[in-house]
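Just below is one structure, and these are the notes that go with it.
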Amino acid sequence: MTNNLKVKQWVSWAADLCKPDEVVWIDGEGLDELRAAALKSGELIMLNQDLLPGCYLHRSAINDVARAEDKTFICTTDEADAGPTNNWMSPADMYDKLTPLFDGSMRGRTMYVIPFCMGPVGSPFSKLGVEITDSIYVVLNMCIMTRVSKDVVKMLDGAEDFVKCLHCTAELDIDKRFISHFPEDNAIWSINSGYGGNALLGKKCFALRIASYQAKKEGWMAEHMLIIGIENPQGQVRYICAAFPSACGKTNLAMLIPPEIYAKKGYKLWCVGDDIAWLRIGPDGRLWAINPENGYFGVVPGTNAQTNPNALKAIGTNTIYTNVAYNEEDGTVWWEGLDDNPPEKAIDWKGNPWNGKTSQEKGAHPNSRFTVPATNCPVISPEFENPGGVPIDAIIFGGRRAKTAPLVYQARDFAHGVFVGSIMASETTAAQTGAVGVTRPDSMAMKPFCGYNMGDYFAHWLEMGKKLGDKAPEIFNVNWFRVDDDGNFIWPGFGDNLRVLEWILARCAGEAEAALAPIGHMPRAGDINIEGLSLSAGQLEELLSVDKGLWQAEVASIKEYYKTFGDRLPKELWDKLADLEARLEA
Ligand code: SAT
Ligand code: MN
């Protein structure tokens with residue numbers, strides 16, 4: 001319990017509304033009892049504790065397996081402040097709609113109150129929240145994904161402000177599912193979903209949607225970015241932030257294993273964060289980043305000893321698996337892309353008997369997830385808990401594009417980089433409900449996560465660039481997903497992505513050449529180290545090729561996209577688009 005009067009009043013208001021049988025405060029201790037209760041109710045399944053110590057499996061409702069973007073709302077007084085990329089309802093209307101849904105929603109159940117901290121405890125970057133939930137699964141996940149401890153409760157005692165996160169699984173009724181944000185009130189109300197980004201309110205809801213709004217007001221940035229440190233053979237570590245849409249390999253890049261020729265030379269990679277970065281201008285005028293999270297909520301399918309050995313090691317202990325297949329033979333788990341030996345006697349993610357050798361169905365849901373403490377990662381950065389964060393040399397934007405974007409290019413300057421981020425587009429994945437593989441604009445990989453008008457968000461980026469001046473990080477765009485005419489990926493990806501990062505860091509240090517192309521600075525084929533790869537020079541050229549016709553079509557669709565922001569789109573971005581069009585014609 002806390003002494004903070006504001007928190008106490010809010011919790012008793014929520015208890016009066018939701019009418020639980022009991023209210024239990026969470027301070028990170030005594031979780032065994034909760035686990036035992038969840039095992040008893042079937043909410044958790046214990047995995048083989050000899051093979052997977054501290055690991056459990058959870059199955060969500062089969063209609064509740066991904067973020068529900070069509071049920072996610074930004075509730076600002078003025079509709080224009082939510083902007084064209086968000087669903088909007090006025091705060092008054094949304095509170096009226098949701099209050100009856102929350103009324104009595106926890107009858108016969110326990111209300112858990114979780115004070116949590118986003119960011120290292122004691123860091124000036126960090127922010128506090130309190131999540132109220134009726135789900136033990138949410139409590140256990142929040143205790144991994146955020147800082148939950150007696151120290152955090154103490155911090156809350158003296159806190160002026162905190163984000164009020166109200167969550168109830170209710171009946172998991174998809175027609176009454178709402179994930180609503182009230183940025184003007186520092187509040188989130190989520191009901192009728194128990195899954196990931198809809199229910200673990202510290203993650204996308206707070207650390208991106210609410211935080212991006214706070215960041216704009218307070219002069220910092222909340223971004224959908226991984227943070228990694230790359231150590232060169234001289235022992236210098238340089239830090240990069242990278243934004244990709246959900247399920248585009250961010251966790252793999254964040255934990256990358258250097259290819260052998262790099263490892264031999266002494267290159268190392270350090271993971272600070274795999275999903276979210278909070279960025280501030282430091283006393284030295286540079287951009288500094290922290291990871292506000294305390295764990296990884298990563299996509300399981302495809303994780304294996306080749307694609308991400310670090311993640312595979314990390315998820316061997318103290319991990320909650322959600323929606324993977326259960327191997328009845330030995331009490332372990334299995335997923336598509338783990339190995340070629342699926343279990344024959346298993347239960348699929350839906351809870352049905354499943355034979356991995358004969359079944360046509362998938363054993364694990366494509367968006368099945370692991371929840372694991374950050375400290376389990378074998379390459380966790382020694383700076384992970386540094387309250388001051390790490391200084392950023394480069395910002396990378398990336399999407400999943402079959403043809404248009406080349407392997408890598410560099411923006412001409414920071415403002416041009418803001419343009420490059422704003423025109424990001426990507427093919428949709430299983431991380432959001434809806435059709436998979438449709439190309440849609442996803443500026444800075446923030447389309448589903450920006451808590452205010454994205455036109456204003458672009459203006460804020462430009463403003464930050466002006467404040468940073470010549471200390472601003474360099475901005476790049478990458479695309480690991482180019483395919484050849486037979487539809488095969490050309491670039492090997494995974495650990496070999498370090499080859500591209502090497503060029504990026506060399507550019508930042510002013511040590512690498514580039515050619516000026518209409519879209520920005522590009523490496524020439526000889527500038528990317530392909531030693532030891534079975535990639536021909538022709539293939540590398542294809543990866544670096546820019547098809548003018550495709551880009552002209554791209555310009556036309558960017559125009560349509562930009563128009564949706566009306567007068568909120570900074571003129572500077574229209575100018576950059578006109579500039580690109582002219583360069584393509586020249
Ligand atoms: O469901 S989450 O938003 O937590 C994960 C993701 O989509 O990246
Ligand atoms: Mn993400």
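Things to note:
- Kirkwood Rh (inverse of mean 1/r, distinct Cα pairs), region 379-431, angstrom: 13.9 Å
- Restricting region 450-541 to GluC sites (Glu not before Pro) in coil, as DSSP defines it, with at most 12 other Cβ within 10 Å: E511, E513, E531
- Spin-label proximity, K559 to region 426-469 - amide N less than 19 Å from point 7 Å beyond Cα toward beta carbon: 441
- Between S545 and I261, full extension at 0.36 nm per residue minus the direct alpha carbon distance yields a gain of 99.6 nm.
- Taking one quarter of the surface of the convex hull spanned by the alpha-carbon atoms of the chain gives a direction-averaged projected area of 25.7 nm².
- Separation between Cα centres of region 510-559 and region 9-85, rounded to whole Å: 44 Å
- The relative contact order of the chain comes to 15 percent, based on Cα pairs under 8 Å that sit 6 or more residues apart.
- Label positions at N352 and E218, each projected 7 Å from the Cα along the C-beta direction, are separated by 4.8 nm.
- Rounded to the nearest 5, the antiparallel percentage of DSSP beta bridges internal to region 355-478 is 55%.
- Charge context of A215, other residues only, Cβ under 12 angstrom, K/R +1, D/E -1: +1
- Here the translational diffusion coefficient of region 296-376 follows from Stokes-Einstein with Rh set to the Kirkwood radius across Cα pairs; for 10 °C and 1.306 mPa s it amounts to 126 µm²/s.
- Share antiparallel - DSSP beta bridges, the chain, percent rounded to 5: 65 percent
- Additional length obtainable on full extension of the chain from V24 to D284, 0.36 nm per residue less Cα span: 89.2 nm
- Restricting region 34-121 to trypsin sites (Lys or Arg not before Pro) in coil, as DSSP defines it, with at most 15 other Cβ within 10 Å: R107
- Bins of 10 Å, starting at 0 and running to the largest distance - Cα pair percent for region 92-143: 21, 35, 32, 12, 0
- Surface per residue (accessible, 1.4 Å probe) for the chain, Å²: 37 Å²
- Angle in degrees between helix 497-508 and the longest Cα principal axis of the chain, rounded to the nearest 10: 70 degrees
- Helix 548-563 vs. the chain, principal-axis angle (Cα, 0 to 90°, nearest 10): 40 degrees
- When peptides 272-284, 333-345 are ranked by their average number of other Cβ atoms within 10 Å per residue, the highest-first order is 272-284, 333-345.
- Cα-based helix-to-principal-axis angle, 454-468 vs the chain, degrees rounded to 10: 60 degrees
- Cut-off 14 Å, label 7 Å out along Cα→Cβ of D413, residues of region 571-585 by amide N: 572-573, 576
- The chain: calculated mean residue ellipticity at 222 nm from DSSP helix runs of at least 4, using -39500 (n - 2.57): -8000 deg cm²/dmol
- Bridge type composition, region 41-178 - antiparallel percent by DSSP, nearest 5: 60 percent
- Rolling a 1.4 angstrom probe over the chain with all protein chains present gives an accessible area of which 50% lies on carbon and sulfur atoms.
- Stretched out straight at 0.36 nm per residue, the stretch from N48 to D486 would grow longer than its current Cα-Cα span by 153.4 nm.
- Each Cα pair under 8 Å and six or more residues apart adds its sequence gap; the mean of these over the residue count of region 296-376 is a relative contact order of 41 percent.
The values are calculated or read from the model by the stated rules, or taken from the named source; none is laboratory data. These numbers were taken from a predicted model, which means no experiment stands behind them. All Cβ positions, even for glycine, are placed from backbone atoms using ideal geometry, and neighbour counts span all protein chains on display. These area figures cover heavy atoms from the full protein model, side chains too; ligands, DNA and RNA do not enter into them. Shrake-Rupley method; radii C 1.70, N 1.55, O 1.52, S 1.80 Å.
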